[in-house]
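See below for the structure under consideration.
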């Protein structure tokens, strides 16, 4: 989405310095502004108290300060997980989730409005992709949640609505700003980026040599099954996708995480577990088993606990590092896309 004026929250410090020089301002003003944007997480120019009133007025006329507006905040009675629905300046809405763990607060953010990947078990993709999010709109999901709760965010997962690698340049800019030592300075090692498996983008990301975790949405133990669950598999052969994950590990030394949504009666059999071992055995990886969240518009069901544990045990016998994802926010439609979907349906 284009804006008339520059989007200053998406600018690096050097870009901001150039912008401020263009306004006839001294370099130290750019440093002050950057601090307001990325340390104090300012919502408006008015609150930037150490900038002269004339400069604040000039900024209001010549720049856009992206600040998300909370539309709805749901809090789980089960585990304190919070789901945020944020309004964007163009009337679209996106969602983010705050999960509190003993090791710190983790925020799951969206990278697009909607999604065009079409995974059949996910509510995010119903209605397709509307547009990419700018770096500032990705950042401000983290910033608003930290500001609203007054609690430090230590981990960020780009695993909400959207395919992050389908919004590649904005994703890289977002990571650079989020990890900048003059901003929130969240460690790259505390950032996870999820992808359906866009092989050329995985390889490009590997070449950036960042220290982030790559999480591949695998969800099936064969190309045929993957095609049924994930239309993107029609474009990308599973062998090529896994080769790109191996390349990511070679270039970064970072273990790849495989996300595997267990769908009752579809991909949760002992045969599936054995096939999965054939696919990824010997890789430096971690498998995250996710009992699927039931979605109103889909017929998929969650497998029972015994089936999930059996699947996990088979993988462990093969020496694969595996965990079952702890379900967070079940009572507040915690799965990707569900809150946005219900909000849009209610408005129709």
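The values are calculated or read from the model by the stated rules, or taken from the named source; none is laboratory data. As the structure is a computational prediction, the values presented were derived from the model and not from experiment. Methodologically, a virtual Cβ is constructed for each residue, glycine included, from the backbone with ideal geometry; neighbour enumeration extends over all protein chains shown.
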Loosely packed, with under 15 Cβ neighbours inside 10 Å, on the phi < 0 side of the Ramachandran plot, touching a helix residue (DSSP H, G or I) at 6+ places or on another chain (Cβ under 8 Å) and at pLDDT 95 or above: is that true of residue 134 in this structure?
no
May I ask you to verify whether residue 206 is under 26 Å from residue 154 (Cα atoms), in the same structural domain as residue 119 (by TED's automatic domain parsing), out of contact with any helix residue (DSSP H, G or I) (no Cβ under 8 Å at 6 or more places or on another chain) and surrounded by 15 or more Cβ atoms within 10 Å (Cβ to Cβ)?
no
Picking from 157, 266, the residue that is in contact with a strand residue (DSSP E or B) (Cβ under 9 Å, 6 or more places away or on another chain) and either without any contact (Cβ under 8 Å) to a residue 12 or more places away in the chain or within 26 Å of residue 129 (Cβ to Cβ) (or both) would be 157
Identify, from the list 182, 129, the residue that is surrounded by fewer than 19 Cβ atoms within 10 Å (Cβ to Cβ) and in the same structural domain as residue 95 (by TED's automatic domain parsing).
182
Has region 162-177 got any residue that is farther than 18 Å from residue 286 by Cβ and more than 18 Å from the chain's Cα centre (by Cα)?
no
Is at least one residue of region 212-223 in a loop (DSSP other than H, G, I, E, B), over 30 Å from residue 304 (Cα atoms) and in contact with a strand residue (DSSP E or B) (Cβ under 9 Å, 6 or more places away or on another chain)?
yes
Quickly run through region 22-42 and pick out the residues that are closer than 15 Å to residue 147 by Cβ and assigned to a loop (DSSP other than H, G, I, E, B).
39, 40, 41, 42
Kindly indicate which of 21, 53, 57, 30 is in contact with a helix residue (DSSP H, G or I) (Cβ under 7 Å, 6 or more places away or on another chain) and either over 30 Å from residue 330 (Cβ atoms) or modelled with pLDDT of 95 or more (or both).
30
Going by the conditions given, is residue 182 in a helix (DSSP H, G or I) and within 24 Å of residue 105 (Cβ to Cβ)?
no
Given 119, 108, which one is assigned to a loop (DSSP other than H, G, I, E, B), under 23 Å from residue 219 (Cα atoms) and in the same structural domain as residue 165 (by TED's automatic domain parsing)?
119
Here are some conditions: (1) surrounded by fewer than 13 Cβ atoms within 10 Å (Cβ to Cβ); (2) in contact with a helix residue (DSSP H, G or I) (Cβ under 8 Å, 6 or more places away or on another chain); (3) on the phi > 0 side of the Ramachandran plot. Residue 41 meets all but one. Which one does it not meet?
(1)
Of the residues 19, 45, only one is outside any strand (DSSP E or B) and either without any contact (Cβ under 8 Å) to a residue 24 or more places away in the chain or under 26 Å from the mean Cα position of the chain (by Cα) (or both); which?
45
Select from region 224-241 the residues that are free of Cβ contacts under 8 Å to residues at least 60 places away in the same chain and in a loop (DSSP other than H, G, I, E, B) and write down the one among them that is surrounded by the fewest Cβ atoms within 10 Å (Cβ to Cβ).
235
Selection count, region 11-38, where residues are closer than 14 Å to residue 134 by Cα and either touching a strand residue (DSSP E or B) at 6+ places or on another chain (Cβ under 6 Å) or crowded, with 21+ Cβ neighbours inside 10 Å (or both)
1
Selection within region 157-179 - in a helix (DSSP H, G or I) and over 19 Å from residue 39 (Cα atoms)
164, 165, 166, 167, 168, 169, 170, 171, 172
